1. Condition first: assigned to a loop (DSSP other than H, G, I, E, B), more than 11 Å from Leu149 (Cβ to Cβ) and at pLDDT below 95. Now tell me which residues in segment 176-227 satisfy that.
2. How many residues are outside any strand (DSSP E or B) and more than 19 Å from Ala20 (Cβ to Cβ) if we restrict to segment 381-419?
3. Could you figure out which of (1) of a type outside the set (S, T, N, Q); (2) under 17 Å from Lys46 (Cβ atoms); (3) out of contact with any His (no Cβ under 8 Å at 6 or more places or on another chain); (4) not in a strand (DSSP E or B) isn't true of Gly239?
4. Specify which of the listed residues (Glu296, Glu319, Glu345) is surrounded by fewer than 19 Cβ atoms within 10 Å (Cβ to Cβ) and over 27 Å from Met377 (Cβ atoms).
5. If you check every pair at least six apart or on different chains, which have Cβ atoms under 9 Å apart with a residue in segment 398-419 that is farther than 22 Å from Tyr381 by Cα first and a residue that is in a loop (DSSP other than H, G, I, E, B) second?
6. Only one of these conditions is not met by Met112: (1) modelled with pLDDT of 95 or more; (2) not in a helix (DSSP H, G or I). Which number is it?
7. Cβ-Cβ below 7 Å, separation at least six or inter-chain, first residue in segment 247-275 and on the phi < 0 side of the Ramachandran plot and small (Gly, Ala, Ser), second assigned to a loop (DSSP other than H, G, I, E, B) and crowded, with 17+ Cβ neighbours inside 10 Å: which pairs?
8. Just for segment 42-76: of the residues that are crowded, with 24+ Cβ neighbours inside 10 Å and among the polar types (S, T, N, Q), which one is nearest to Gly267 (Cα to Cα)?
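The values are calculated or read from the model by the stated rules, or taken from the named source; none is laboratory data. In this text, all values refer to a predicted model and were calculated from it rather than measured experimentally. Quick reminder, even Gly has a Cβ in these numbers, built from the backbone with ideal geometry, and neighbours come from all protein chains shown.
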Amino acid sequence: MHSSFQYKDEEFHMGGVSLAKIAESVGTPFYVYSYEFLKDSFTAYKEAFSAMDTLICYSVKANSNLAVLKAFSDLGSGYDIVSGGELLRVKRAGGDPGKVVFSGVGKTREEMKAAIEAGILFFNVESEEELHELNSVGIELGKKAPVALRVNPDIDPKTHPYISTGFKKSKFGIEIGRAFEVYKEANKMEGIDVMAIDAHIGSQIFDLTPFVDSVKKLISLADDLVREGINIQYIDIGGGLGISYKLDDKPPHPSMYADIVMKEFSGKPYKLVLEPGRSLMGNSGMLVTKVLYLKEGTAKKFVIVDAAMNDLIRPAFYESYHEILPVIRGSEDKDVVDVVGPICESGDFLAQDRELPKVSSGDLLAVLSAGAYGFVMSSNYNTRPRVAEVMVKGDQFSVIRERETYDDLLKLEQIPDFL
């Protein structure tokens, strides 16, 4: 854990703030993020890659709260976006559109127009049909759309299949064997300005070997394209560096990643773009929840809490592991329990067969490593309002997203006259 996360007088603190104090103020459940952690995480990347011309583009899909985006903007970050809505968020947070790369397989014409007009750095184009559509939009606007092709390098990232994106069978990108011809075609298009190459092989990767293999392929392709007279300025190597979900996990540090990447780029003229998301935000955040009831079945013990799969879907969706700690340390005795929520689904759990200190109704639990792909993947299933989000800096905390109300959930719905 980050040095700012620690127990003081038996109460778990983020920086100088007790999580119990936040719970008393805003209620539960809530997400809470450490500004110091995200700053230190970004700085680690920035310093690691400082020896070459590098743009770090925070992957907005990991956590798109405006306060989070503003914090990264102030640190000098660019952004990797995957929708027009994320572009709007970047602009609202004061981010520089000129530092935005736009990824995703299903961009609409409206999104393309908005991004071109905003002056983004480049699009990561994922298919030949998308390239032709983008060319059409560029011509319509009387502008050239800046483009990288997202290349699928057919590399096994050795991670969960749901977050592996560099296989031939993946929906993402253009097969690397086809990319050269597509680049030549793109370079002739009136509404396209070819300037970059992109790849993203997956996320939560601990073994650096797949990154090396991918970078080698991208540089080789870039060299071939430059010899063909195509002006490749940037190589975007994506993100994907893993984080520790278990306290004893040992993911590679950004400096280790930088060492291998910069070795491959040595003597090359290309500018580097990175798209980290989870490794910047994942361990910065926690989901704090309150114990509602204890239930002992014939085969299992259950701790029923007020957070559910609609609040944090990763355990149900990915079978992912999140450490869970008591906010206030009490009993040294432990039980093996399932930590479950109120949703009417058997898959509604935050942990299964987990050894935890014994708890009682009203106790608070902190679900760690929830800063990325937590709130952004939450929903209103079972008509549950989405939870509050809080940011901590030093000994201050502030609500950065209010808890939804039932009125918020119903305000867009209407009963037609014919009913």
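1. Answer for segment 176-227, where residues must be assigned to a loop (DSSP other than H, G, I, E, B), more than 11 Å from Leu149 (Cβ to Cβ) and at pLDDT below 95: His200, Ile201, Ser203, Gln204, Phe206, Asp207, Leu208.
2. Taking segment 381-419 and keeping what is outside any strand (DSSP E or B), we get 381-387, 394-395, 402-419.
Next, from what is left, pick out any that are more than 19 Å from Ala20 (Cβ to Cβ): 381-386, 402, 404-419.
Total meeting the criteria: 23.
3. Going through (1) of a type outside the set (S, T, N, Q); (2) under 17 Å from Lys46 (Cβ atoms); (3) out of contact with any His (no Cβ under 8 Å at 6 or more places or on another chain); (4) not in a strand (DSSP E or B) one by one, Gly239 breaks only (3).
4. Working: Glu319 fails: over 27 Å from Met377 (Cβ atoms); Glu345 fails: over 27 Å from Met377 (Cβ atoms).
Just one listed residue meets the conditions, Glu296.
5. What qualifies is Ile400/Asn65.
6. If we test Met112 against (1) modelled with pLDDT of 95 or more; (2) not in a helix (DSSP H, G or I), just (2) comes out false.
7. Here the result reads Ala258/Phe49, each pair linking segment 247-275 to a residue that is assigned to a loop (DSSP other than H, G, I, E, B) and crowded, with 17+ Cβ neighbours inside 10 Å.
8. Going through the qualifying residues, I end up with Ser59.
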